[in-house]
1. With the chain treated as a Gaussian network of Cα nodes joined by springs under 10 Å, which of 300, 342, 162 yields the largest mean-square fluctuation?
2. Shape of the range 84-187 from its Cα gyration tensor (a ≥ b ≥ c, root eigenvalues): rounded if a/c is under 1.5, otherwise prolate when a/b > b/c, or oblate?
3. Can you classify the range 33-90 as rounded, prolate or oblate using the Cα gyration tensor, where a ≥ b ≥ c are the square roots of its eigenvalues, rounded means a/c under 1.5, and otherwise it's prolate if a/b beats b/c and oblate if not?
4. Tilt of helix 236-245 relative to the longest C-alpha principal axis of the chain, in degrees (0 to 90, nearest 10)?
5. Using a Gaussian network model of the chain whose springs link C-alpha atoms within less than 10 Å, name the residue from 27, 296, 320 with the highest mean-square fluctuation.
6. Compute the separation of the alpha-carbon centres of the range 115-160 and the range 354-382 and state it in Å as a whole number.
7. Roughly speaking, what is the stretch gain from residue 216 to residue 105, that is 0.36 nm per residue apart minus the C-alpha to C-alpha distance, in nm to one decimal?
8. On full extension of the chain, what length is gained from residue 421 through residue 59, given 0.36 nm per residue of separation minus the C-alpha to C-alpha distance?
Ligand SMILES: Cc1ncc(COP(=O)(O)O)c(C=O)c1O
Ligand SMILES: [Zn+2]
């Protein structure tokens, strides 16, 4: 679909420095449904069938050594992303290369032999969204957009406003008005405009699609709408990092949270690319999707054996995952079924238990989305769908400080005493 936007493409020289290709190894856009190709541009839907467009590549030779020589950020994988070679020299957030924690205590508690937590709370704005935004910023520059925008369930808004501040772009981001206070603070502190909409995320997203077609939104880069093919590629870096941090091995099983489903589909794409490039051994792996029961359209379709997702109205404390009509839901179903994984959901009470379990065993404080993945992991182990002897990775995609209310109810000091030994002895007796 050609957009109403009349953004101009800056010359490669201006965008990325002489001799460098502004989109690196990307060779075009390709329709996920019918394979129709088109040139790289701010487009997101196929002109033939309205299917989603994704980036096609012409990868050269990529070696583990080349990657290892790169910076400790997603830019070590720049030869696998739609960005120029010199991307790391720009004023950007340089997200990624977050820790992969060997979670021995949690593994023991759950009865697993080998478990790692990929902890993306360590990104610049404390969620995995910095990865996707970093790629979208490059595309926005190349297409000459002056304003960075998005529809967000919370984390994306903060990642966009922070990245815009650093890149010298305007920002105007849209969220459901009833988000957690910390998400609102984080999305507004970096400057730019933050607009709360009286409605669900799906209402916000519909509104943004309208805005793109209006002259008001002209020359705006909506990272998850008209820049979505570029944005989505950022999630592949989670797959690359996990494999590299495991010693260039794909885990046997991985549990990933699902909102729109973009992250899960791109992690699968990342693993497949590593196999195709000969960077890892070609072994089967299982992908598991995790949702909160109060917004579980993908899990419901999976359990019912359906290919079509029936949209829902979200009602859960896992607000970052509260997308009732997930764009990539059907692809999540395909991947879970093709790899022998599953999509499962947990109640809000189980989300809170998941947050507490991860904190108590591994010292990692997850936001509600992390409570969802840990809760689902526990459920999958209990029902025998996760093999306890196989290597497992679970994702924590955001920081617990952003969703304090989920666990604040029972949080208080063990005792409040006068500063004296006697008072302390009495208190702990
Ligand atoms: C913390 C967190 N984890 C996971 C997701 C899911 O991302 P996706 O929409 O790519 O499925 C989101 C989306 O907003 C998020 O904020
Ligand atoms: Zn198509």
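What follows draws every value from the coordinates through simple rules; no lab data is involved. Values in this document were obtained by computation on a predicted structure and should not be read as measured data. Note: ideal-geometry Cβ built from the backbone for every residue, glycine included; neighbour counts use all protein chains shown.
1. In the Gaussian network model the winner is 300.
2. Oblate shape, in that a/c is at least 1.5 and b/c is the bigger or equal ratio.
3. Verdict is prolate for the range 33-90.
4. Computed tilt is about 60 degrees.
5. 27
6. 23 Å
7. Gain on extension, residue 216 to residue 105, equals 34.7 nm.
8. Difference between extended and current length: 123.6 nm.
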